[in-house]
Amino acid sequence: MKKLVIIGISYAAKQIYSLVTFHKLYDVVGFAVNKEYLTSDSFLGLPVYDLECLNEKVDGEFGVFVAILWSHLNADRKKVFEQCCSLGYQFVNIISPTAVVMSEITGRNCLIDDFALVKNDVVIEDDVCIKANAVIADYAHIESHVYIGLHAVVAGGVIIGEQSFVGINASVLDTTKIGKKCIVSSGCTVKRNMPDFSRWIDGSDITIKQYSEEEVEGKLVPAKNIR
């Protein structure tokens, strides 16, 4: 069984650890974070390493998975993913054996959670999180650093731009195009295209609110200074 180092020591890392160990997907040998987030030398009974020093600390070949979910509209995960690329680490994909995946997953550092469905001819780029019971229909294209929440439905031919977020129970209708760094709020039904840096909000009136590129990343911040 391949060795795995999980990047992160937050709730997201706990989720990934539980999924991996329950399904016996990899041999988790430790966790890692950047020095400024290194608050303890152990997490869930395993060692926590300095991210930059994994080759010195872990014996033999290993893979990494960045377990940082949607903080700062996925910017935190993207930053660490790119750092791991620069350090030459090998990524793994975490695909639940209960998921139905009918397309080849060519992206790296991708999560396909329990009971998710990925239909035919779907393109999934790097660092995409697809949570439990989500559906990605035929011919959809999910660009890098996207997060798709629990029970979300992405219909056929949809394009979701880089670093966008689709919330719990949201639906994106067929052939809709969502720009980059967009937010689809939980429970929404997206019926028309969204421009870059915008947010879809359902209410008595459906509105698309657009932000600056810098401002939109501040709309999804669960906690500060946590990896």
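The values are calculated or read from the model by the stated rules, or taken from the named source; none is laboratory data. Predicted model, so just to flag it, every value in this text is computed and none were measured. Reconstructed Cβ throughout: ideal geometry from the backbone, glycine too, with neighbour counts over all protein chains shown.
Taking the residues in region 109-118 that are under 20 Å from Ile68 (Cα atoms) and part of a strand (DSSP E or B) as candidates, determine which candidate is farthest from the chain's Cα centre (by Cα). Out of the qualifying residues, it is Ile112. Of the residues in region 176-190, at least one is among the β-branched types (Val, Ile, Thr), in a loop (DSSP other than H, G, I, E, B) and modelled with pLDDT of 95 or more. The set of residues from region 147-163 being surrounded by fewer than 24 Cβ atoms within 10 Å (Cβ to Cβ), closer than 15 Å to Ile178 by Cα and small (Gly, Ala, Ser) comprises Ala155, Gly156, Gly157, Gly161. Within region 180-204, residues that are in contact (Cβ under 8 Å) with a residue 60 or more places away in the chain have Cβ atoms under 8 Å from residues that are among the polar types (S, T, N, Q) and assigned to a loop (DSSP other than H, G, I, E, B) in these pairs: Lys181/Gln163; Lys181/Ser164; Ile183/Ser164, counting only partners at least 6 apart in sequence or on another chain. Of all positions in region 69-84, none carries a residue that is over 23 Å from Leu220 (Cβ atoms) and modelled with pLDDT of 95 or more. Determine whether Ser144 is surrounded by 20 or more Cβ atoms within 10 Å (Cβ to Cβ) and part of a loop (DSSP other than H, G, I, E, B). Against the criterion (surrounded by 20 or more Cβ atoms within 10 Å (Cβ to Cβ) and part of a loop (DSSP other than H, G, I, E, B)), Ser144 qualifies.
Each row is one residue, and each column tells you yes or no for (1) within 22 Å of His145 (Cβ to Cβ); (2) outside the structural domain of Gly8 (by TED's automatic domain parsing); (3) of a type outside the set (Asp, Glu).
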residue: Phe22; (1), (2), (3): no, no, yes
residue: Gly30; (1), (2), (3): no, no, yes
residue: Ser42; (1), (2), (3): no, no, yes
residue: Asp59; (1), (2), (3): no, no, no
residue: Glu82; (1), (2), (3): yes, no, no
residue: Thr98; (1), (2), (3): no, yes, yes
residue: Ile112; (1), (2), (3): yes, yes, yes
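Only a single criterion out of (1) out of contact with any His (no Cβ under 9 Å at 6 or more places or on another chain); (2) surrounded by 13 or more Cβ atoms within 10 Å (Cβ to Cβ); (3) in a helix (DSSP H, G or I) is not satisfied by Arg77, namely (1). The residues of region 80-108 that are of a type outside the set (A, V, I, L, M), within 20 Å of Cys53 (Cβ to Cβ) and assigned to a loop (DSSP other than H, G, I, E, B), listed by number, are Gly88, Tyr89, Gln90. For Asn74, the conditions (1) touching a residue at least 24 places away in the same chain (Cβ under 8 Å); (2) farther than 26 Å from Val154 by Cα all hold with the exception of (2). Is it the case that region 190-197 has a residue that's crowded, with 18+ Cβ neighbours inside 10 Å, out of contact with any helix residue (DSSP H, G or I) (no Cβ under 6 Å at 6 or more places or on another chain) and aromatic (Phe, Trp, Tyr)? No, there is no match, as no residue in region 190-197 is crowded, with 18+ Cβ neighbours inside 10 Å, out of contact with any helix residue (DSSP H, G or I) (no Cβ under 6 Å at 6 or more places or on another chain) and aromatic (Phe, Trp, Tyr). Remark: Tyr26 falls outside the filter, which requires a residue to be farther than 25 Å from Phe115 by Cα, touching a strand residue (DSSP E or B) at 6+ places or on another chain (Cβ under 6 Å), of a type in the set (Ser, Thr, Tyr) and modelled with pLDDT of 95 or more. The condition (being touching a Ser or Thr at 6+ places or on another chain (Cβ under 7 Å) and in the same structural domain as Ile178 (by TED's automatic domain parsing)) is satisfied by just one residue among Asp138, Asp121: Asp121. Residues that are of a type in the set (Ser, Thr, Tyr) and surrounded by 12 or more Cβ atoms within 10 Å (Cβ to Cβ) within region 38-53 comprise Thr39, Tyr49, listed in sequence order.
Among the residues of region 67-80, are any farther than 21 Å from Cys129 by Cβ and acidic (Asp, Glu)? So far as region 67-80 goes, no, none of its residues is farther than 21 Å from Cys129 by Cβ and acidic (Asp, Glu).
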